[in-house]
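First comes the structure, then the notes that go with it.
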Amino acid sequence: MLLDVDGVLNPTGHPPTLDFRRYQCTVDGHAYTVHLNPRHGPRLLELALRTGAELVWATTWEEHANEWIAPRLGLPRLPVVALGRDRSSEHGEMFKTRYVADHVGRRPFVWFDDQVYQEDDDYLRAHQGLTDFLLVHVPAARGLTSEHLARASEWLTLTGFSQGS
């Protein structure tokens, strides 16, 4: 299960519920304000444990997510999709998409991101030959919800992923 930070775990604008806590982070000399819901960590961990999925950062925060985001959500240190310097798009897909494809190889995956759209699905299917994945578009203003987690859980269960395939 691939996780973005901004727009997914850190909604844009005002946090949608009182469950979110405000934090000040300094990354590479730049100060950021993030709003995080500490309930997200246990819920993601439970889903990963129940389905046998691995949690992975797929965010421009890269390793900084392990330093600043993971501890505030109660997550362990997670693997990180290495995002190269090339931020271009070949076919309208988000720049992260090809790096995600390189990271997952042929493994099935769920990707929570506020910037995944049909172009990303098309790119993964046509240009990477991948078919066993679920892109979960998370509206940035609201962030990750129970509905997004339920959708991922259902997909993982229906594909047989939770039985170890």
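The values are calculated or read from the model by the stated rules, or taken from the named source; none is laboratory data. The model shown is predicted, which means the values in this text are computed figures rather than measured ones. Methodologically, a virtual Cβ is constructed for each residue, glycine included, from the backbone with ideal geometry; neighbour enumeration extends over all protein chains shown. Accessible surface is based on the protein model in full, side chains and every heavy atom, while ligands, DNA and RNA are left aside. Shrake-Rupley method; radii C 1.70, N 1.55, O 1.52, S 1.80 Å.
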Problem - Surface share of carbon and sulfur [accessible, 1.4 angstrom probe, percent] for segment 31-165 - result: 51 percent
Handout entry: Rounded to 5, percent antiparallel among DSSP beta bridges of the chain
Key = 40 percent
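Classify segment 22-61 from the C-alpha gyration tensor, please: rounded if a/c falls under 1.5, else prolate or oblate depending on whether a/b exceeds b/c. Please report the intermediate quantities before stating the final value.
Numbers: a/c = 5.15, a/b = 1.97, b/c = 2.61.
Taking the square roots of the gyration eigenvalues as a ≥ b ≥ c, segment 22-61 is oblate.
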Practice task
Using the 2.2 N^0.38 Å rule of thumb for compact globular proteins, work out how segment 58-98 stacks up: its C-alpha Rg over that value, please.
Solution key: 1.38
Problem - Projected area, mean over directions - segment 1-70, Cα convex hull, nm² - result: 4.7 nm²
Exercise for the section: With no solvent and one equal point scatterer placed on each C-alpha of segment 19-113, evaluate the Debye formula and give log10 I(q)/I(0) for q = 0.24 Å⁻¹, two decimals. Expected result: -1.33
Exercise for the section: Name the residue, out of Gly52, Gly29, Gly129, whose mean-square fluctuation peaks in a Gaussian network model built on the chain with Cα pairs under 10 Å. Expected result: Gly29
Practice task
Could you tell me which label, among (i) 33, 21, 14; (ii) 24, 20, 14; (iii) 40, 15, 12, carries the value of semi-axes √(5λ) of the Cα gyration tensor in Å calculated for this structure?
Solution key: (ii)
Handout entry: Average accessible area per residue (Å²) across segment 80-133 - probe 1.4 Å, nucleic acids and ligands excluded
Key = 51 Å²
Exercise for the section: Could you state the accessible area per residue of segment 30-77 in Å², with a 1.4 Å probe and every protein chain left in place? Expected result: 47 Å²
Exercise for the section: Express as a percent, rounded to the nearest 5, the fraction of DSSP beta bridges in segment 1-64 (both residues included) that run antiparallel. Expected result: 70 percent
Exercise for the section: Only Lys, Arg, Asp and Glu count, each charged at its Cβ (+1, +1, -1, -1), so figure out the dipole size of segment 37-165 about its Cα centre, rounded to 20 debye. Expected result: 420 debye
Fill in the blank from the handout: Shape call for segment 93-165, from the Cα gyration tensor axes a ≥ b ≥ c (a/c under 1.5 means rounded, otherwise prolate when a/b beats b/c, else oblate), comes out oblate
